[in-house]
Every structure is written in C-alpha cells, then in structure tokens.
1. Hey, any hits in segment 136-150 for a residue that's in contact (Cβ under 8 Å) with a residue 40 or more places away in the chain, over 30 Å from Asp231 (Cα atoms) and among the charged types (D, E, K, R)?
2. State all residues of segment 210-231 that are among the charged types (D, E, K, R) and under 12 Å from Pro87 (Cβ atoms); if no residue qualifies, say none.
3. Just a yes or no: is a residue in segment 93-102 of a type outside the set (Phe, Trp, Tyr), assigned to a strand (DSSP E or B) and either out of contact with any strand residue (DSSP E or B) (no Cβ under 9 Å at 6 or more places or on another chain) or over 20 Å from Pro171 (Cα atoms) (or both)?
4. Could you please give the count of residues in segment 118-133 that are without any contact (Cβ under 8 Å) to a residue 24 or more places away in the chain and either aliphatic (A, V, I, L, M) or under 30 Å from Ala176 (Cα atoms) (or both)?
5. Condition first: in contact (Cβ under 8 Å) with a residue 60 or more places away in the chain and of a type in the set (D, E, K, R). Now tell me which residues in segment 97-117 satisfy that.
6. Quick check on Leu86: is it under 24 Å from Gly168 (Cβ atoms), surrounded by 17 or more Cβ atoms within 10 Å (Cβ to Cβ) and aliphatic (A, V, I, L, M)?
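Bear in mind these aren't lab numbers, they're just calculated from the coordinates by the rules spelled out. These numbers come from a predicted model, not from an experiment. For neighbour counting, all protein chains shown are included, and Cβ atoms are generated from backbone atoms with ideal geometry for every residue, glycine included.
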Amino acid sequence: MEPAATPSTSTVASSSGRPGSTGQSASALLARVAAAGGAPRLTWYADGGERIELSGAVLGNWITKTANLLVEEFDLGPESTLTLDLPAHWRGITWALAAWRVGACVDLRRDAPPGAVVATDDPERWAGRGADVVAVSLAPLARSFGAALPPGVLDAAASVMTYGDVLGYAPPTDPAAPALVTAEGAVAHAALVDHALGGPAGAPAPGARTLVVAREPGAFLLDAVATWARDGSLVAVTPDVAALATSDPARWERLVAGERVDVLLADGADEPRTR
C-alpha cells in the first residue's frame, strides 16, 4: 500500500544544478561510508551512559543486511515507499540508507497513509493498516523487540543479522524519483546529497568529525548524509546528553575533546562552530 498522495519532487527546489553540486548517488554515498573501513563513521551518545561506535565497515554491513531484508522479504525497490516512524536515532539512519540503496523512497510523515513497508518502534500504531510492518527496537544490543508483537509484524532485531553481508539484487534507482518525503515536500534521489549539503549549516569541511544533536529525524538524517558525503565522521548526541553543555560544562567538554570533534553544529543554530 503506497501513500495516497506523495508530494511531487518539485515541491522542494532541486539543488542538483547549483554551483558546487556533487551529483552523488545513494550508492556512491554508501561506498564512501564503507570505504572508511575500521575508522569511525558514527558515534552515538544517549542518556544512561549509552555510547555506540560504528566503523565504516560495520555501518556498511548493517545497511547491506537491512537492504537485503527489504528486498528479499518485502520486494522493496523503485516506486516503493518505506515509512520510517522512528525518532532521531542511529537505527533510523540504517533503515533510510538501506531503502535508498535499493531505490526506494523514505517517508517521514507519521500522519500520511503508510508505504509498502513501515519501520517503527510503535508497531501497534501501524498494525492492520495494509502495510508490512517491521518492529525496530531502539535498545542497545537488542536481540528482539522485547515485547509481544501484533500478528504478521517482523522483529527487526531478530531478523536483520540473519541476512547476507554482500548486497544481493538491487534494482536500478530512478534518479528523478522521490528519495525523501517530509512535511515540507519531497527530494529526488539525484538531488538528495546536494539537498543535505545545502542545509542551514552548509557543507561540513572535508573529513571533519562533526557533532550534531539528534533532535528531529529529518534534520538528523540530512546531517548524516552531508557529513558522509564529505568523507566525515558523525558524533550524534540525544538532547538529554546535549543538555550537559549547560548543566555540566566540564563533562561536556571532556566528551567533545575525547571524541576529537572538529565542528559542533549548535542545536537550532544556522552556523556551525569550529573548535
């Protein structure tokens, strides 16, 4: 079941023709991520002391396994939509990039009809609405969703790691088709990376270790795309962790220094602060 009214890609100005356009595809972006090998590409901090670091190789493996699941289990591909109903979280990034790798569209609107597949941490919300539903646990090192699931709902934690480490069949992507849909409109696959690089903070410096606050799912996803498009590494913190900047400045400075952060994207600010 596809969204009843997916916005035209014209509702968001394409950035693919402006000076400095990269023209990077999602598959090229994923190749950049994986090419980091053992170097960190994503470091995640959440309240309760949670810290997860994913190297380029490990992050690429998560994305590949998830892409294989989407194709083999649900036949997701071009002209299909994945509704991504997750908060700003590193697991949401893996599902989005997996969908883009197989040419699908990612829809972040919770109030729209579901796409063919829904990845969510709230499976009860989507059960019985005509879509295939995948329950995604946000708990670190989860081996199952941790709660009883409605009939027919797939448990991501128990399933993703059973899929292959090498990408199987991936249908060709239509560059003009929507890659990302939000309340503001849609962005085509061909314009996705340039759209991310054209955000309020601009393009990060090549190779920079960039810290962002994971507050809003769409902004967080685009921050990750922009960082990796410039061969950078992302340090993502939840709002509770970011609050240390005012509640415990010394602890916050230790975190920033320990992660060797080059650029801090101030929460809600239009310009990055370079250390």
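1. No - not one qualifying residue is present in segment 136-150.
2. Our first condition is that a residue be among the charged types (D, E, K, R); within segment 210-231, this holds for 215-216, 223, 230-231.
Result: Arg215, Glu216.
3. Taking segment 93-102 and keeping what is of a type outside the set (Phe, Trp, Tyr), we get 93-94, 96-99, 101-102.
Still in the list and also assigned to a strand (DSSP E or B): none.
No, every residue in segment 93-102 fails to be of a type outside the set (Phe, Trp, Tyr), assigned to a strand (DSSP E or B) and either out of contact with any strand residue (DSSP E or B) (no Cβ under 9 Å at 6 or more places or on another chain) or over 20 Å from Pro171 (Cα atoms) (or both).
4. Initial filter on segment 118-133 (without any contact (Cβ under 8 Å) to a residue 24 or more places away in the chain): 128, 133.
Next cut, either aliphatic (A, V, I, L, M) or under 30 Å from Ala176 (Cα atoms) (or both) only: 133.
Number of matching residues: 1.
5. Listed by number, the residues that qualify are Arg101, Asp107, Arg109.
6. So Leu86 does not fit the description; no.
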